[in-house]
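One structure is given below, encoded as structure tokens.
The values are calculated or read from the model by the stated rules, or taken from the named source; none is laboratory data. Note that this is a predicted model, so its numbers are computed, not measured. FYI the Cβ positions are ideal-geometry reconstructions off the backbone, even for glycines, and counts take in every protein chain you see. In case anyone asks, the SASA skips ligands and DNA or RNA and just uses the protein heavy atoms, side chains included. Shrake-Rupley method; radii C 1.70, N 1.55, O 1.52, S 1.80 Å.
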Amino acid sequence: MYIKPPNHNGPGRYETRFRRHGKTFTVLDTYAERGIEVPVNNSKPTSEIVSLIASRQRLDFIRSNLNNRGVFGRILSRICQTLEDPVNMLILPNQTMKPFRVYPARYPEYVIIADHREMAEREGDDSPYYWMRIEWLLHDFNVAHFVNWSAM
């Protein structure tokens, strides 16, 4: 959900390419723009190979070890879109500036959410920043609830 390109109407997410020597094949993830090389082993069941690919992708996502800088930018913009969605009720009326900004942290496993909402009880204070692990997005995690809870 977080790395899918906007308006992606391509054939599918994955493409498979075999190497000439026949010992490995490469699975290309068109969303993350990254290839995963997997050894060919006829004795392994397909489910084991699929779980190997999924675990490598999960590790790449958690560590922000994605090929294209645009992919990580897509993740940050989707988090920001979720926070600014009116359904989550985090936007204040008459807010003149962009209420949330999401930045990559110094450590690649984290992102920083800057809360620039103009709240009366915070008048004159610095804007709060919330650290969020990217790994949390892989689970049943509500970013808007986290920001609301942290702000309280």
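When residue 97 is tested against the conditions (1) within 21 Å of residue 129 (Cα to Cα); (2) of a type in the set (A, V, I, L, M); (3) touching a residue at least 24 places away in the same chain (Cβ under 8 Å); (4) part of a loop (DSSP other than H, G, I, E, B), the lone failure is (3). Filtering 121, 135 for residues that are among the charged types (D, E, K, R), loosely packed, with under 13 Cβ neighbours inside 10 Å and not in a loop (DSSP other than H, G, I, E, B) leaves a single hit, 121. If you check residue 106 against the conditions, is it surrounded by 11 or more Cβ atoms within 10 Å (Cβ to Cβ) and either touching a His at 6+ places or on another chain (Cβ under 8 Å) or in a loop (DSSP other than H, G, I, E, B) (or both)? Criteria not met by residue 106. Within segment 76-87, is there a residue that is open to solvent by 60 Å² or more (accessible area, probe 1.4 Å) and either of a type in the set (Gly, Ala, Ser) or touching a Leu at 6+ places or on another chain (Cβ under 9 Å) (or both)? The answer is no; no qualifying residue exists.
Scanning segment 25-49 for residues that are part of a strand (DSSP E or B), under 27 Å from residue 70 (Cα atoms) and not hydrophobic (A, V, I, L, M, F, W, C) yields 26, 29, 34, 35, 37. Residue count for segment 1-19 under the criterion of being assigned to a loop (DSSP other than H, G, I, E, B) and more than 21 Å from residue 65 (Cα to Cα): the result is 7.
When we screen 26, 46, 30, 16 for residues that are under 24 Å from residue 104 (Cα atoms) and either modelled with pLDDT of 80 or more or touching a strand residue (DSSP E or B) at 6+ places or on another chain (Cβ under 7 Å) (or both), the only hit is 30. Is it the case that residue 22 is more than 25 Å from residue 137 (Cα to Cα) and in a loop (DSSP other than H, G, I, E, B)? Here the answer is yes, as residue 22 does meet what is asked.
Taken over segment 1-38, the criterion of being in contact with a helix residue (DSSP H, G or I) (Cβ under 9 Å, 6 or more places away or on another chain) and exposed (fewer than 13 other Cβ atoms within 10 Å of the Cβ) is satisfied by 1, 6, 14.
The set of residues in segment 134-152 being touching a residue at least 40 places away in the same chain (Cβ under 8 Å) and either in contact with a His (Cβ under 9 Å, 6 or more places away or on another chain) or among the charged types (D, E, K, R) (or both) consists of 135 alone.
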